[in-house]
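For reference, the structure is listed below as C-alpha cells.
Here, each number is a calculation from the coordinates, and none is a lab measurement. Values in this document were obtained by computation on a predicted structure and should not be read as measured data. Quick reminder, even Gly has a Cβ in these numbers, built from the backbone with ideal geometry, and neighbours come from all protein chains shown.
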Amino acid sequence: MTTQLKNYIGGAWAAAETATYESVINPATCATLAQVPDSSAGDVDRAVAAARAGFAEWRSTPVLSRAQYMYRLKNLLEDRFEDLAQTIVEENGKTIDEARGEVRRGIESVDYATHVPSLMRGYKVEDISSGIDETAERQPLGVFAAITPFNFPLMVPLWFLPVAITCGNTYIIKPSPQTPISMNTLFELLDELDLPEGVVNLVHGGKDAANAIMEHPDVTGVSFVGSTPVAKIIYETCAKHGKRVQAQGGAKNYIAVMPDADINASVSNIIGSAFGCAGQRCLAGSVVVAVGDAYEPLKAELLKRSATLRLGYGLEETTQVGTVISAQARERIEKMIADGVAEGARAVLDGRDAKVEGYDAGTFVGPTILDGVQPEMHIAQEEVFGPVLSLMHVPDFDSAIDVINRSRYGNAASLFTQNGGHAREFKYRVQAGNIGINVGVAAATASFPFGGQKESFFGDLHGQGPDSIEFFTDRKVLIERWY
C-alpha cells in the first residue's frame with residue numbers, strides 16, 4: 001500500500017483533515033512514491049496555533065542553546081546525506097550528483113544558522129544625550145512560514161527554517177505537493193532533535209493551504225520561491241494582510257561571451273548552467289549572447305559537446321541530464337520549442353521526443369539549442385524552465401548589455417571574458433541581482449543574500465545571508481536614563 005504522508009504539527013505527526021490526496025510520481029519511472037494530502041485551512045490553523053503556542057518558550061530559550069540544535073541537525077543531515085540525495089532524485093528527477101550538490105548547499109545553510117548568536121547582536125551608544133544611553137536590540141517576531149518549490153525540495157526550505165528558528169521564531173513549511181518526501185525526511189530528523197512543541201511544523205497541500213498561510217492573522221511573514229506570476233500573488237496577498245514577505249520569482253538569465261573568452265571553459269560552464277537540473281532552476285542560463293567573432297567557435301563547440309550529454313535516470317551515476325518534473329512540464333517545454341521555431345529560430349539541437357531505453361514512460365526532454373534567436377521572440381523573453389538554450393549574436397559589448405537589460409527579469413547574468421574592464425562594466429551596468437564573471441551559475445553561498453531584481457524578486461529583504469537576519473528579527477530601540 002502506498003504511504004499517505006502526514007503533516008507535522010506541534011511536535012507530532014498528524015493526519016490531514018481531507019479525503020483528497022495526490023500521487024507523488026517518480027518522473028523517470030512514473031511509479032507512485034507516496035500520496036500527499038491536500039491540507040485544508042483548518043490544518044494550517046492548527047499548525048499556526050501550535051507555532052504561536054510554542055513561541056514564548058522558544059524565544060526565551062538562550063540563543064546559544066537554540067544554535068546547539070543546528071549543530072545537531074547538521075550532523076543528522078550528514079548521516080543521512082546519501083538517503084536525502086536519493087530521495088531528491090526519485091521525486092524530482094535530477095541526477096544524483098546534482099542532488100548531492102543540493103544536499104550540500106542545504107547543509108551549508110544550517111551551518112550558517114549556527115552563527116546566529118553573533119549575527120543577531122544589537123548595538124549601543126552611551127551618552128547619546130546627557131545621562132542617556134540608547135540601545136537597539138534584535139528580537140524574534142513570532143510565526144513565520146515558507147511556501148517552497150519542487151525544483152530544490154530540500155535546499156530551498158533550508159534557506160529559511162534554520163535561521164528563522166535560531167533567531168527565536170517558530171516556523172511552518174508548506175512544500176510543493178510534487179516533491180514533498182524530502183521535507184518529510186527533514187522533519188523526521190527535526191523530530192529527532194526533540195525541539196519544544198510547535199517550533200517547527202509541516203503542512204502539505206496546494207493552493208488552499210498556501211492561501212490560508214498568507215491570510216492567517218497570526219503569521220508574521222512568508223518566504224516564497226517559484227514563478228513570477230505566483231510570486232506577485234504572494235507579495236500582494238501578504239502585503240494586504242500586513243505581513244513581511246520575500247518572494248523570489250522567475251528568471252530569464254543571460255550569458256554574454258566575448259571574443260577573448262576561453263571558449264572551452266565557457267562552454268563547460270554554459271552547458272552546466274543551461275542543462276544542469278534539466279534547466280529547472282531559477283539560475284539556469286537560458287540565453288547565450290555571443291559577441292562578435294565569438295559566435296561561430298562558441299556555437300560549434302556548444303553543439304558538439306551538448307549533443308553528447310547522456311540523458312537518463314538520475315540514480316544512474318553516468319547520467320548527465322535527468323527528467324523534467326512531469327508530463328505536463330514536458331508538454332509545455334516542447335510547445336515553447338515549437339513556438340520558437342515558428343517565430344524563426346532554428347533548432348540546431350532538438351531534444352523533443354527524447355527517449356531513454358528502459359524508461360519509456362519517463363518525462364525526458366533532451367538538451368535543445370535554438371539558434372538565430374532575436375530579443376523580441378517569445379522564447380527569448382519568457383522562462384522555459386527546461387533544458388533549452390537560446391543562442392543570439394550581437395556585434396559588440398554594449399549591444400549585449402542592452403539585450404540583457406531589456407528583459408523584464410533580473411535574477412542572474414554572466415559574462416565570459418579575459419578583460420577586467422568589461423567585467424567591471426558588466427557588473428556595474430547589468431540589471432540583475434546575481435552576477436557571474438566566468439561563472440555559469442551565479443549562486444550565492446549561504447552567507448550572502450540570494451539576489452534578484454525587477455520581476456525576479458518582490459520584497460525588500462532577500463533570502464540567505466545578513467538579509468535573513470533582518471527578515472526574521474526586528475530592532476527594538478531602548479532609550480534609558482537612570483537617576
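Loop sites here are GluC sites (Glu not before Pro) outside DSSP states H, G, I, E and B with no more than 14 other Cβ atoms within 10 Å. The longest part of the chain free of them is 18-316. Placing dummy labels 7 Å off each Cα toward the beta-carbon, the span from Asp360 to Ala15 is 3.8 nm.
Here the range 161-203 is scanned for amide nitrogen atoms under 17 Å from the site 7 Å beyond the Cα of Ala53 along Cα-to-Cβ, giving 170-172, 195-203. If only the Cβ of Lys and Arg carry +1 and only the Cβ of Asp and Glu carry -1, the dipole of the chain around its Cα centre is close to 520 debye. Excluding Met155 itself, calculate the net charge of residues whose Cβ lies under 12 Å from the Cβ of Met155, where each Lys or Arg counts +1 and each Asp or Glu counts -1. Cβ neighbours under 12 Å give a net charge of +2.
Scaling the Cα radius of gyration of the range 195-282 by the globular reference 2.2 N^0.38 Å produces a ratio of 1.59. All other residues with a Cβ under 9 Å from the Cβ of Thr445 taken together, and with Lys, Arg as +1 and Asp, Glu as -1, what is their net charge? Surrounding charge for Thr445 is 0.
Between beta-carbons, use under 13 Å as the cut-off and find the net charge around Gly42, counting Lys and Arg +1, Asp and Glu -1. Neighbourhood net charge equals -4. Compactness check for the range 313-353: Cα Rg over 2.2 N^0.38 Å is 1.40.
Calculated mean residue ellipticity at 222 nm for the chain: -12000 deg cm²/dmol, from DSSP H runs with n ≥ 4 weighted as -39500 (n - 2.57), summed, divided by the residue count and rounded to 500.
Put in line by how crowded their Cβ is, counting other Cβ atoms within 10 Å and starting with the fewest, Phe448, Phe187, Phe426, Phe416 read Phe448, Phe187, Phe426, Phe416. Between Ile132 and Lys207, the simple label model (points 7 Å from Cα in the Cβ direction) yields a spacing of 5.4 nm. Hey, what angle do you get for helix 263-275 against the long axis of the chain, alpha-carbon based, 0 to 90 degrees rounded to 10? So the inclination is approximately 60 degrees. Take the alpha carbon atoms of the range 65-120, find their center, do the same for the range 431-450, and report the distance between the two centers in whole angstrom. The distance from the Cα centre of the range 65-120 to that of the range 431-450 comes to 20 Å.
Computed from the Cα positions only, the extents of the range 253-437 along the three principal axes stand at 51, 31, 29 Å, in decreasing order.
Given a cut-off of under 8 Å on Cα pairs at least six residues apart, what relative contact order in percent is computed for the chain?
On the way: 1158 pairs, mean separation 89.8, N = 483.
The normalised contact order for the chain reaches 19 percent.
Counting neighbouring Cβ atoms within 10 Å and putting the fewest first, the residues Thr87, Thr135 line up as Thr135, Thr87.
Ignoring lysines fewer than eight residues from Lys124 along the same chain, the ones with Cα atoms less than 27 angstrom from its Cα are Lys476. Candidate cross-link partners of Lys335 among the lysines, defined by an alpha-carbon separation under 21 Å and a same-chain spacing of 8 or more, comprise Lys252, Lys355.
So which lysines pass the test for Lys6, namely a Cα distance under 20 Å, with those fewer than 8 places away in the same chain ruled out? Cα-Cα hits under 20 Å: Lys174, Lys207. For the chain, the share of DSSP beta bridges that are antiparallel, to the nearest 5, is 40%. Rounded to the nearest angstrom and listed largest first, the equivalent-ellipsoid semi-axes of the chain from its Cα gyration tensor are 39, 29, 19. Subtract the Cα-Cα distance of Leu189 and Lys232 from 0.36 nm times their separation in residues, and report this length gain in nm to one decimal. Extra length available between Leu189 and Lys232 comes to 12.2 nm. Its Cα centre serving as origin, the range 113-181 has a Cβ charge dipole (Lys and Arg +1, Asp and Glu -1) of approximately 480 debye. Relative contact order of the range 39-135, taken over Cα pairs closer than 8 Å and 6 or more residues apart, is 25 percent. Distance distribution note for the range 150-250: the fraction of Cα pairs above 20 angstrom is 36%.
Global dimensions of the range 339-451 from alpha-carbon coordinates: Rg and Dmax equal 16.6, 51 Å.
Our note on the geometry: Cα centres of the range 227-253 and the range 162-226, 17 Å apart.
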